[in-house]
Amino acid sequence: MSKVPVELSQIDLNPGTLWFWRAGDDNVALLLEREGEGLAIDLPDGPGLMALCAREQIQLREVWFTHGHHDHVRGLPSLPSSLSLLGPPGLSIFRDYRRVHEGERLSWQGLEAEVLETPGHSDLDICFVLREAKLLFCGDLIFDCGCGRMFAGPAPRFWQSLQRLKSLPGELRVFCGHDYTGDNLQFSAKLMPEEPWYQEALKALGQTREACGMPLSLQQQLQRNLFLGADRPEVAEAVGFRAGTKPAEVFAELRQRRNGA
């Protein structure tokens, strides 16, 4: 019998609860609960999810996928076939599911969500924006001080996807698909040694952070995440470009350097 995840955190949705925990080495699993009904965002940990639902007497009804990479869908075989599934077109999950597109409005237990298409990490990435609940589920678009690998690209398309976050309310609480905070802070601190915030954040890591490092503050990410700041002159200069270089070129160089870090 599967066990409930050990590193389990939650926030109050008033009403309801958002549960989140580390799945495997660095994935983040997410479960929303309202009035005994459950909605999962991606499926990195099917057995742990079902064990939590059993303990909390939650009836899991729906799963929303941000993209189709294996580590985000691998929990599906351990879940009931009766679940309602939705996600971007082209998922290889071997079950019927609802295809959703840019601008679609979704509703679950009184929570309203908007679909944003944000390709670049893969060809099929989407985000779910819940403005009233102040939540953003962004899959592998961004991480704490980082972003997803550019498996699909190209860089200008990925950069445009990142730009979409700048139009969202800074008060949104961000839940992403992985926790690479330590590695991303080390990369940022090395690249921007004159900026003390990264070193200070590294020192604080593990002392005051929540499990999985979530939720993130979108406002803080817009200020501190170098991948979102590829249009800033100091970031361009940090990777050897002149001020005024196209942000997509700066972003591509940042991503290449992070790949090798």
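The values are calculated or read from the model by the stated rules, or taken from the named source; none is laboratory data. Just so we're clear, the structure is a prediction, and the values are computed from it rather than from any experiment. Using ideal geometry, Cβ is built from the backbone for each residue, glycine included, and neighbour counts are taken over all protein chains shown.
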- Message: If I ask for residues that are farther than 21 Å from LEU185 by Cα and among the β-branched types (Val, Ile, Thr), which ones from region 230-256 would you list?
- Response: THR245
- Item | Filter result for the condition that a residue is in contact (Cβ under 8 Å) with a residue 12 or more places away in the chain, surrounded by fewer than 16 Cβ atoms within 10 Å (Cβ to Cβ) and under 15 Å from the mean Cα position of the chain (by Cα), over ARG131, ARG173, ARG164 | ARG164
- Note on the structure: Taking region 126-176 and keeping only residues that are among the charged types (D, E, K, R) and within 16 Å of LEU30 (Cβ to Cβ), one is left with LYS134, ASP140, ASP144, ARG173
- Note on the structure: Turns out the helices (runs of 4 or more DSSP H) fully within region 157-261 with at least 2 residues that are at negative phi, among the basic types (Lys, Arg) and at pLDDT 95 or above are 247-259
- Task: Sort through GLU35, GLU62, GLU102 and tell me the only one that's of a type in the set (Asp, Glu), at pLDDT 95 or above and touching a Pro at 6+ places or on another chain (Cβ under 8 Å).
- Result: GLU35
- Filter region 19-59 down to the residues that are free of Cβ contacts under 8 Å to residues at least 60 places away in the same chain and closer than 27 Å to GLU102 by Cβ, then identify the one that is farthest from the chain's Cα centre (by Cα). GLY38
- Would you confirm whether any residue within region 114-128 is of a type in the set (Ser, Thr, Tyr) and more than 16 Å from the chain's Cα centre (by Cα)? no
- Item | Conditions (1) surrounded by fewer than 24 Cβ atoms within 10 Å (Cβ to Cβ); (2) closer than 12 Å to GLY177 by Cα; (3) at pLDDT below 95; (4) not acidic (Asp, Glu): number failed by ASN14 | (2)
- Looking at region 65-75, which of the residues that are surrounded by fewer than 21 Cβ atoms within 10 Å (Cβ to Cβ) and farther than 21 Å from HIS101 by Cβ is nearest to the chain's Cα centre (by Cα)? ASP71
- In region 75-88, is there at least one residue being within 23 Å of GLY24 (Cα to Cα) and hydroxyl-bearing (Ser, Thr, Tyr)? yes
- Item | Residue check, PHE158 surrounded by fewer than 22 Cβ atoms within 10 Å (Cβ to Cβ), under 17 Å from ARG255 (Cβ atoms) and hydrophobic (A, V, I, L, M, F, W, C) | no
- In region 19-40, anything under 13 Å from LEU60 (Cα atoms) and either surrounded by fewer than 20 Cβ atoms within 10 Å (Cβ to Cβ) or among the aliphatic types (A, V, I, L, M) (or both) is listed as LEU30, LEU31, LEU32, ARG34, GLU35, GLY36, GLU37, LEU39, ALA40
- Restricted to region 79-105 and to residues being in a strand (DSSP E or B) and touching an Asp or Glu at 6+ places or on another chain (Cβ under 7 Å), the residue surrounded by the most Cβ atoms within 10 Å (Cβ to Cβ) is SER84
